[in-house]
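Reading through the structure tokens given below for one structure.
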Amino acid sequence: MIEINSKEDILIPFNKIGDADWKINTQKIIESIAANFGDDLKKPVSEQEILNLETKLGTTIPKNLKLFYQTFGIADIGEQLQDFNEVDWIKDIWADTPQYGPDFTEEDKQLLPYLISFSDYLGNGNMFCFHSETKEIYYYDHEDTPYLTKIFDTVDDYLKGCLIFAQNDFSENKEIDNWTEEIVVDLLGSTTVKKWRY
């Protein structure tokens, strides 16, 4: 279990997935999350399962998201990565019942055909999606227009941010929320953090 007594104890797992120590650092955080909540670790996802998902979607998933799944499975990262049966084109979510869907802006409608959800933000209806062509990460915010906003260039930044914020639960120190936020702001920018967390 990671022990955090100061800002310096917070572990930044990687710059990019695939870096020299990315597996060791990420494993430390994921094991600490599981231990903290008394959960079992997830099994790595097989290449065949990924291929089946890509076949279903008709596109590839981001390379480093694939590497993460093959290493740690659909792990608890402090936010909820979707099971493969839930990963889908967001344009299809409300296809049969458009009256329940958002009133997408013209700007949103340009992006809608390209976005595939892969993570639920704390189960509040907001989702993280990847772009089927550029593999950039977009945020679907059900309360704010435009509903779709590009938030990260790569999935690495999303996973890194989640794994840093997840360490908020590793200490009773009230300052920890401020420390993790300061670190993620330094890495990803205040505009991104504000959109994501607030």
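The values are calculated or read from the model by the stated rules, or taken from the named source; none is laboratory data. Model, not experiment: these values are computed from the prediction. Reconstructed Cβ throughout: ideal geometry from the backbone, glycine too, with neighbour counts over all protein chains shown.
Can you tell me which condition Lys56 does not meet? The list is (1) over 30 Å from Asp19 (Cβ atoms); (2) assigned to a strand (DSSP E or B), and all the others hold.
In the conditions (1) over 30 Å from Asp19 (Cβ atoms); (2) assigned to a strand (DSSP E or B), Lys56 misses (2) alone.
Please state which of the following conditions Lys91 fails to meet, knowing it meets all the rest: (1) over 11 Å from the mean Cα position of the chain (by Cα); (2) farther than 16 Å from Tyr138 by Cα; (3) of a type in the set (D, E, K, R).
It fails just one condition, (2).
Kindly provide the set of residues from the range 141-177 that are more than 12 Å from the chain's Cα centre (by Cα) and closer than 22 Å to Lys109 by Cβ, ordered by number.
Asp141, His142, Glu143, Asp144, Thr145, Pro146, Tyr147, Leu148, Thr149, Lys150
Of all residues in the range 79-103 being touching a strand residue (DSSP E or B) at 6+ places or on another chain (Cβ under 8 Å) and not aliphatic (A, V, I, L, M), which is surrounded by the fewest Cβ atoms within 10 Å (Cβ to Cβ)?
Our first condition is that a residue be touching a strand residue (DSSP E or B) at 6+ places or on another chain (Cβ under 8 Å); within the range 79-103, this holds for 79-82, 86-91, 93.
Filter once more, so that each one left must be not aliphatic (A, V, I, L, M): 79-80, 82, 86, 88-89, 91.
Details: Glu79: 20, Gln80: 17, Gln82: 16, Glu86: 14, Asp88: 17, Trp89: 18, Lys91: 16.
By that ranking, first place goes to Glu86.
Among residues belonging to the range 110-143 that are in contact with a strand residue (DSSP E or B) (Cβ under 7 Å, 6 or more places away or on another chain) and small (Gly, Ala, Ser), point out the one that is nearest to Tyr69 (Cα to Cα).
Among those residues, the one meeting the criterion is Ser119.
For the range 115-161, what are the residues that are within 23 Å of Ile30 (Cα to Cα), out of contact with any Leu (no Cβ under 7 Å at 6 or more places or on another chain) and among the small types (Gly, Ala, Ser)?
Residues satisfying the conditions are Ser117, Gly123.
Out of curiosity, is Gln99 modelled with pLDDT of 95 or more, more than 19 Å from the chain's Cα centre (by Cα) and part of a helix (DSSP H, G or I)?
no
Would you pick out the residues in the range 77-97 that are closer than 23 Å to Pro13 by Cβ and among the charged types (D, E, K, R)?
Of everything in the range 77-97, those that are closer than 23 Å to Pro13 by Cβ and among the charged types (D, E, K, R) turn out to be Glu79, Asp83.
Name the single residue that is surrounded by the fewest Cβ atoms within 10 Å (Cβ to Cβ) among those in the range 109-130 being closer than 19 Å to Ala95 by Cβ and among the small types (Gly, Ala, Ser).
Of everything passing the filter in the range 109-130, Gly125 is surrounded by the fewest Cβ atoms within 10 Å (Cβ to Cβ).
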